[in-house]
């Protein structure tokens, strides 16, 4: 039930006040109206994580790439560590 | 889809599996907290790929599974009130109550609407000023901000016909309940990534320290889960017990402060009865005094007796990681998704339903 899906903000649709900022978010081409009041720095073009109609986090694009180089970096660190043998 | 499909890359999955095999020297038992993680692990066949020394057990992180029978009875009671629309997330409808499920109540004429978001229920209340609209607000910390926001919005719109039946549950007290059980055999946790997106990581440091148990905040896709498992095993092999963050693309140490403030605006922490685990002190959210006119329990003056749980269902042992679904004599026989004896067979995120739908014959027979 904690399912949350990343989507791209394609338009800000309403900004009455802080509690009522909404946007149109594209999930692979499917558009949905999403409440943006909990991601105040998110702008059009940003990816946000959406759960039950509310965006709860903005994707950190730099961090999102780290998993792909993680094992390589772990290997390099291991080589620097003194060996037990 | 961007930020999803990259984390399902088969080559990277194989690389992580190889590395996990390389670093594992002792038997370890890891528990993933969230039902979404359980679903992904079983559906993607990850349990069959892990080295035999690593046992994954499946935690209590499925709100459908842990919501008590009495709360289902309360929801059914509300749905059967005249001039009332009960709104719910879809997965709650088939959970058996002591008299009936919400689906049975709906079949008998109750006005029950399945909604994607509590904010839609507020709109519904605005459209039906002559009816009472109640949202069945279940979920973990991930869902609490949206449910709280619905109350804040209803207050701002001066909607007197909106209320919520809050049955929120919290992860850290459940982890402690599991770790302090005498029979506990869990060596490390994969914490629930989306719960931590909201709450951050601070609550987990004292838990890791007190029980000397590594906790890795982990995402939901195959590569996320394998990286989380790798990080946890690496700590265990080194004898460490730190809180680490695998899900850095969404989770910050301090969490989402705006979401936390919204929760604290509307909710207060209280005791909660979990299906299968019993009463856990300070493990749930209830609507606070300030917003009490939006609390359906008070508004409708509900007094439902605490219902007995079905003794044929061993969901408590399953959610504590003491037993696997196929160790239940009723699994796949008397208890199936079409005729569930207990909640873990109802929700697709329940461990029993995940095994029933996706687990291979091998992993079922190995147990």
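The values are calculated or read from the model by the stated rules, or taken from the named source; none is laboratory data. Just so you know, these numbers come straight off a predicted model, no measurement behind them. Methodologically, a virtual Cβ is constructed for each residue, glycine included, from the backbone with ideal geometry; neighbour enumeration extends over all protein chains shown.
Beta carbons closer than 6 Å, at least 6 apart along the sequence or on distinct chains, pair a first residue in region B:249-261 that is at the interface with chain A (Cβ under 7 Å from one of its Cβ atoms) with a second that is assigned to a helix (DSSP H, G or I) and modelled with pLDDT of 95 or more for B:250/B:197; B:256/B:198; B:259/B:145; B:259/B:198.
Out of the residues in region B:325-365 that are at pLDDT below 85 and in a helix (DSSP H, G or I), state the one that is nearest to residue B:60 (Cα to Cα). Step by step, filter region B:325-365, then rank; the result is B:343.
Rundown of residues vs (1) surrounded by fewer than 22 Cβ atoms within 10 Å (Cβ to Cβ); (2) under 18 Å from residue B:17 (Cα atoms), yes/no style:
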{"residue": "B:207", "(1), (2)": "yes, no"}
{"residue": "B:212", "(1), (2)": "yes, no"}
{"residue": "B:215", "(1), (2)": "no, no"}
{"residue": "B:227", "(1), (2)": "no, yes"}
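Taken over region B:136-192, residues that are without any contact (Cβ under 8 Å) to a residue 40 or more places away in the chain, over 18 Å from the mean Cα position of the chain (by Cα) and not in a helix (DSSP H, G or I) amount to 6. Being within 14 Å of chain A (Cβ to nearest Cβ) and under 17 Å from residue A:65 (Cβ atoms) is the requirement here; does residue B:5 meet it? Yes; evaluated as a whole, the condition is true for this residue. Checked against the criterion of being buried (at least 22 other Cβ atoms within 10 Å of the Cβ), touching a strand residue (DSSP E or B) at 6+ places or on another chain (Cβ under 8 Å), within 24 Å of residue B:86 (Cβ to Cβ) and touching a residue at least 60 places away in the same chain (Cβ under 8 Å), region B:293-315 contains one or more residues that satisfy it. Scanning region B:62-91 for residues that are within 14 Å of chain A (Cβ to nearest Cβ), in contact with a strand residue (DSSP E or B) (Cβ under 6 Å, 6 or more places away or on another chain) and touching a residue at least 60 places away in the same chain (Cβ under 8 Å) gives B:63, B:66, B:67.
Only one of A:30, A:5, A:56 is closer than 30 Å to residue B:64 by Cα and out of contact with any strand residue (DSSP E or B) (no Cβ under 8 Å at 6 or more places or on another chain); which?
When all the criteria are applied, what remains is A:30.
Taken over region B:113-130, the criterion of being assigned to a helix (DSSP H, G or I) and in contact with a helix residue (DSSP H, G or I) (Cβ under 8 Å, 6 or more places away or on another chain) is satisfied by B:118, B:119, B:121, B:122, B:125. Whether any residue in region B:51-60 is farther than 30 Å from residue B:14 by Cβ and at pLDDT below 95 is what I want to check. Scanning region B:51-60 turns up at least one residue that is farther than 30 Å from residue B:14 by Cβ and at pLDDT below 95.
Can you say whether residue A:16 is more than 9 Å from chain B (Cβ to nearest Cβ), free of Cβ contacts under 8 Å to residues at least 40 places away in the same chain and under 29 Å from residue B:168 (Cβ atoms), as far as the supplied structure shows? Taking the combined requirement at face value, the residue satisfies it.
Selection of region B:113-135 for residues being facing chain A (nearest Cβ under 10 Å) and touching a residue at least 40 places away in the same chain (Cβ under 8 Å) yields only B:118. State yes or no: is residue B:167 within 22 Å of residue B:116 (Cα to Cα), touching a helix residue (DSSP H, G or I) at 6+ places or on another chain (Cβ under 9 Å) and more than 14 Å from chain A (Cβ to nearest Cβ)? Here the answer is no, as residue B:167 does not meet what is asked.
Of the helices (runs of 4 or more DSSP H) contained entirely in region B:1-82, those carrying at least 2 residues that are more than 16 Å from residue B:226 (Cβ to Cβ) fall at B:63-66, B:69-79. Only a single criterion out of (1) touching a strand residue (DSSP E or B) at 6+ places or on another chain (Cβ under 7 Å); (2) more than 8 Å from every other protein chain (Cβ to nearest Cβ); (3) at pLDDT 90 or above is not satisfied by residue A:47, namely (2).
Within region B:92-109, can you find the residues that are in contact with a strand residue (DSSP E or B) (Cβ under 9 Å, 6 or more places away or on another chain) and in contact (Cβ under 8 Å) with a residue 60 or more places away in the chain?
Correct list: B:95 only.
Is it true that residue B:99 is out of contact with any helix residue (DSSP H, G or I) (no Cβ under 6 Å at 6 or more places or on another chain) and at pLDDT below 95? Judged against the criteria, residue B:99 is a match. On inspection, residue B:322 fails the criterion of being part of a loop (DSSP other than H, G, I, E, B) and closer than 20 Å to residue B:103 by Cα. Would you confirm whether any residue within region B:44-61 is within 14 Å of chain A (Cβ to nearest Cβ) and either surrounded by fewer than 18 Cβ atoms within 10 Å (Cβ to Cβ) or within 24 Å of residue B:297 (Cα to Cα) (or both)? Looking through region B:44-61, none of the residues is within 14 Å of chain A (Cβ to nearest Cβ) and either surrounded by fewer than 18 Cβ atoms within 10 Å (Cβ to Cβ) or within 24 Å of residue B:297 (Cα to Cα) (or both). Of all residues in region A:32-51, exactly one satisfies the criterion of being surrounded by fewer than 21 Cβ atoms within 10 Å (Cβ to Cβ), part of a strand (DSSP E or B) and without any contact (Cβ under 8 Å) to a residue 24 or more places away in the chain, namely A:33. On inspection, residue A:75 fails the criterion of being on the phi > 0 side of the Ramachandran plot and more than 7 Å from every other protein chain (Cβ to nearest Cβ). Look at region B:10-33: where a residue is more than 29 Å from residue B:62 (Cβ to Cβ) and a partner is in a helix (DSSP H, G or I) and modelled with pLDDT of 95 or more, sitting 6+ places away or on another chain with Cβ atoms under 8 Å, you get B:19/B:230; B:23/B:230; B:23/B:233; B:23/B:234; B:23/B:237; B:25/B:237; B:26/B:236; B:26/B:237.
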